[in-house]
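The values are calculated or read from the model by the stated rules, or taken from the named source; none is laboratory data. Remember, it's a predicted structure, so these values are computed and weren't measured experimentally. For neighbour counting, all protein chains shown are included, and Cβ atoms are generated from backbone atoms with ideal geometry for every residue, glycine included.
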Ligand code: GAR
């Protein structure tokens, strides 16, 4: 990508969209020379989609159940996702609260151009509720810190070469709500730094 061109981002999101908002805020502040051109979700009621529509950003949504109800398969969902994202010509695909494994042909099409945010340190607490899993482990005295990471998207869930990692200590007696709030705050900064790194942009 020529360094002078504003980067095109496609965000895959199925949650509250606070990380999508962090990206949009960073763009507004001039920290990223980028534009979110499409937000895709596997949950049509995701707040992330509402945040996108409020900004006039194109959205696309379909559940796996919708595809299966029409006689389709998981492979059909992956083809729809890949074609939908490819049509937006992204420089980078950012998974920010995407909760499905990404299969072929997505991986083959976007390998090296797709990153995933996950609220755990590399190799720890994969899948859903990673913050809760870490908090429970801390209550059992097994760990005293967790963290957030952005990694390259690969076939395995919440794995792939780390792009950026930030440890988050778990304070003694800290509630799950308090830890969750600090984890999200850490994610919002880390994700913007990781996107800048992938785009080869200096962080401003
Ligand atoms: C974030 O905590 C993100 O790390 C997590 O979903 C949340 C989405 O929050 N992703 C995963 O757990 C991926 N395995 P948001 O919708 O407010 O951005």
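Considering every residue within the stretch 185-202, establish whether at least one is over 15 Å from the mean Cα position of the chain (by Cα), in a loop (DSSP other than H, G, I, E, B) and crowded, with 16+ Cβ neighbours inside 10 Å.
Looking through the stretch 185-202, none of the residues is over 15 Å from the mean Cα position of the chain (by Cα), in a loop (DSSP other than H, G, I, E, B) and crowded, with 16+ Cβ neighbours inside 10 Å.
If you go through the stretch 38-56 one residue at a time, do you hit one that is within 15 Å of the ligand (Cβ to nearest atom), surrounded by fewer than 20 Cβ atoms within 10 Å (Cβ to Cβ), under 17 Å from the mean Cα position of the chain (by Cα) and closer than 19 Å to residue 116 by Cα?
Checking the stretch 38-56: at least one residue is within 15 Å of the ligand (Cβ to nearest atom), surrounded by fewer than 20 Cβ atoms within 10 Å (Cβ to Cβ), under 17 Å from the mean Cα position of the chain (by Cα) and closer than 19 Å to residue 116 by Cα.
A quick yes/no check of all residues on (1) more than 12 Å from the ligand (Cβ to nearest atom); (2) under 17 Å from residue 193 (Cα atoms):
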{"residue": "90", "(1), (2)": "yes, no"}
{"residue": "93", "(1), (2)": "yes, yes"}
{"residue": "98", "(1), (2)": "no, no"}
{"residue": "102", "(1), (2)": "no, no"}
{"residue": "113", "(1), (2)": "yes, yes"}
{"residue": "118", "(1), (2)": "no, yes"}
{"residue": "123", "(1), (2)": "yes, no"}
{"residue": "131", "(1), (2)": "no, no"}
{"residue": "158", "(1), (2)": "no, no"}
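Report, by residue number, each residue of the stretch 126-159 that is in a loop (DSSP other than H, G, I, E, B), modelled with pLDDT of 95 or more and crowded, with 20+ Cβ neighbours inside 10 Å.
The one that is in a loop (DSSP other than H, G, I, E, B), modelled with pLDDT of 95 or more and crowded, with 20+ Cβ neighbours inside 10 Å: 153.
Under the condition of being part of a strand (DSSP E or B) and within 16 Å of the ligand (Cβ to nearest atom), which residue from the stretch 2-37 is farthest from residue 203 (Cα to Cα)?
12
Yes or no: residue 115 touching a strand residue (DSSP E or B) at 6+ places or on another chain (Cβ under 7 Å), part of a helix (DSSP H, G or I) and at negative phi?
Working: touching a strand residue (DSSP E or B) at 6+ places or on another chain (Cβ under 7 Å): yes; part of a helix (DSSP H, G or I): no; at negative phi: yes.
Judged against the criteria, residue 115 is not a match.
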